[in-house]
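Peer 1: Structure in structure tokens, see below.
The values are calculated or read from the model by the stated rules, or taken from the named source; none is laboratory data. Worth saying up front: this structure is predicted, and the values here are computed from it rather than measured. Only protein heavy atoms, including side chains, enter the accessible area calculation; ligands, DNA and RNA are left aside. Shrake-Rupley method; radii C 1.70, N 1.55, O 1.52, S 1.80 Å.
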Amino acid sequence: MLTHRDHCGLCHSKDIVRILDLGSMPPSNAFLTKADLGKPEPVYPLEVMFCRDCTAVQLGAVLDPRDIFTDYRYFTSASGPLVQHFHRMAESLAQRFIESSNDLVVEIGGNDGSLLEAFPKGQRVLNIDPSVNAVKMSLAKGIPTHKGFFDSHIARILASKSAKLVIANNVMAHIPDIRDAVLGVETMLAPDGVFVFEVHSFANLFSQSGWDQIYHEHVYYHTLKALKRLLEEFGLEVFDLETYPIHGEVMRVYAARPGVYPVTDGPSRQLRMEMSWYLHREDTYRDFAGRVEDTKKQLVHFSDEAKRCGASVVGYGAPAKGNTLLNYTGIHLDYIVDTTPEKQGCFTPGSHIEIFPPEKLLTDTPDHLMILAWNYAGEIKEKERVLHDRIGSFVVPMPTLWYL
Ligand code: TYD
């Protein structure tokens with residue numbers, strides 16, 4: 001189910017304008033089996049809006065989260081570096097904010113419990129997550145887990161005014177009714193409770209021109225400026241902010257009731273950086289849309305030239321973001337290789353490109369390899385030295401087309 005937005009999700013202003021239109025496409029993680037290929041494939045508009053009141057950046061048409069997250073097959077534990085990052089986060093939060101094992105730690109969207117399991121043994125914890133599969137794994141680890149979507153109603157029932165820590169990692173970009181979610185967080189926090197969340201920063205997406213990270217799962221593309229205003233509206237003060245190089249860059253934002261914790265210079269540093277890039281101005285987003293169009297032209301030109309010369313182009317990695325790129329540009333790839341067993345044998349949503357295990361490249365030598373998982377370009381070059389010598393042309397599509 002799709003809802004078209006006629007107001008800003010953060011401040012409810014009606015003064016929102018479209019700044020980027022990527023066309024209509026299926027959800028980026030809706031990979032198809034061979035049997036699915038003959039069936040109708042639902043597509044939804046992918047357009048980005050800017051709020052002239054609070055400067056928030058968000059999708060113009062929002063899918064019902066139940067259609068995406070109930071049968072979600074993403075598990076945090078599948079990504080080693082992310083698990084390590086979360087374990088370090090748990091240690092740091094426990095040291096900084098937890099005084100006794102009786103202090104309640106709630107995680108919203110805690111997935112398979114990869115973060116909560118790293119809190120000291122015996123700590124009172126609660127995971128709230130809608131994914132049937134992830135909840136099973138979280139429960140199997142002995143973590144008290146509530147299966148369901150988070151909202152202010154469930155917050156009141158589960159933990160009214162009693163949580164010392166509320167954590168929400170990679171969630172604040174995904175919940176369409178973000179105002180109700182923040183109300184829910186405020187409802188759960190004890191008087192000296194801390195709300196800490198990690199979210200991708202729009203500043204990073206903007207600076208890297210990583211527009212392929214725009215897809216239906218990501219409803220919001222946050223700046224601290226817009227988030228801060230929202231949190232303040234619900235009585236929360238941002239008192240600290242750190243950034244970490246995870247999938248580009250995430251902001252880790254700390255908020256609490258005003259005056260409870262000293263304010264560091266992290267938030268003002270981030271705000272200054274956002275101001276210096278003019279992320280509060282509509283024309284900046286129009287320039288950004290122009291850059292997106294330029295990359296599309298480059299990629300289409302590359303693809304047309306390859307076709308004209310009879311050269312083959314194979315995709316390396318089938319990330320969700322690759323599907324935004326393929327569907328928006330319409331470029332042709334002969335096939336894709338990916339290490340994920342669940343994706344092998346399937347076809348990309350919309351573009352219908354077949355996905356094979358990487359071993360196919362042991363016997364096949366395409367003319368070009370396009371690195372769709374470009375956020376791992378460094379690791380891929382390192383790991384694929386032999387292939388790189390053999391193929392010669394590793395093409396990276398972002399921020400503008402370049403050769404690895
Ligand atoms: P991911 O980084 O999770 O991006 P997204 O959030 O956009 O889906 O996905 C990376 C994909 O690339 C994943 O399907 C695994 C694949 N991959 C490879 O096939 N080989 C590699 O060496 C790497 C690093 C990733």
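Peer 1: For the chain, what is the accessible area per residue in Å², given a 1.4 Å probe and the full set of protein chains?
Peer 2: Normalised by residue count, the accessible surface of the chain is 43 Å².
Peer 1: Looking at the range 147-260 only, what percent of DSSP beta bridges run antiparallel? Nearest 5 please.
Peer 2: Values: 13 of 20 bridges.
Of those bridges, close to 65 percent are antiparallel.
Peer 1: Now for a different question. Over the range 76-280, calculate the relative contact order: mean separation of alpha carbon pairs under 8 Å at least 6 apart, over the residue count, as a percent.
Peer 2: Values: 375 pairs, mean separation 31.2, N = 205.
For the range 76-280, the relative contact order is 15 percent.
Peer 1: Give me the percent of DSSP beta bridges within the chain that run antiparallel, rounded to the nearest 5. Show your work: numbers first, answer last.
Peer 2: Values: 31 of 60 bridges.
Just about 50 percent of them are antiparallel.
Peer 1: Any chance you could look up the accessible area of H216 with a 1.4 Å probe, heavy atoms only, rounded to 10 Å²?
Peer 2: Roughly 10 Å² of H216 is accessible to a 1.4 Å probe.
Peer 1: Quick one: work out the % antiparallel among DSSP beta bridges in the range 310-403, nearest 5. Provide the component values of the computation, followed by the final result.
Peer 2: Values: 3 of 14 bridges.
Of the beta bridges lying entirely in the range 310-403, close to 20 percent run antiparallel.
Peer 1: Then there's this: Anything over 31 Å Cα to Cα? Flag those among K136/K296; K14/K297; K136/K381; K321/K381; K161/K225; K225/K321, in the order listed. Please report the intermediate quantities before stating the final value.
Peer 2: Numbers: K136/K296 41 Å; K14/K297 33 Å; K136/K381 37 Å; K321/K381 20 Å; K161/K225 27 Å; K225/K321 26 Å.
From the list (K136/K296; K14/K297; K136/K381; K321/K381; K161/K225; K225/K321), the Cα-Cα distance tops 31 Å for K136/K296; K14/K297; K136/K381.
Peer 1: Excluding residues on the same chain fewer than 8 positions from K141, give the lysines whose Cα lies under 16 Å from its Cα.
Peer 2: Those lysines meeting the cut-off are K121.
Peer 1: Further, regarding this structure: Using only alpha carbons, build the gyration tensor for the chain and give me the equivalent ellipsoid semi-axes, biggest first, whole Å. Mind dumping the intermediate values first?
Peer 2: Numbers: eigenvalues 271, 119, 80 Å².
Semi-axes from the Cα gyration tensor: 37, 24, 20 Å.
Peer 1: Right, something else. Please enumerate, by chain and number, the aspartates and glutamates with C-alpha under 15 Å from the C-alpha of K383, excluding those fewer than 8 residues away in the same chain.
Peer 2: D338, E359
Peer 1: Report E242's accessible area, 1.4 Å probe, all protein chains in place, as a number in Å² to the nearest 10.
Peer 2: The accessible area of E242 comes to roughly 50 Å².
Peer 1: Can you give the accessible area of V260, probe radius 1.4 Å, in Å² rounded to 10?
Peer 2: Only protein atoms counted, so the area is about 60 Å².
Peer 1: So, with a 1.4 angstrom probe, what is the percent of accessible area on the chain that is carbon and sulfur?
Peer 2: Looking at the chain in its full context, I get 53 percent from C and S.
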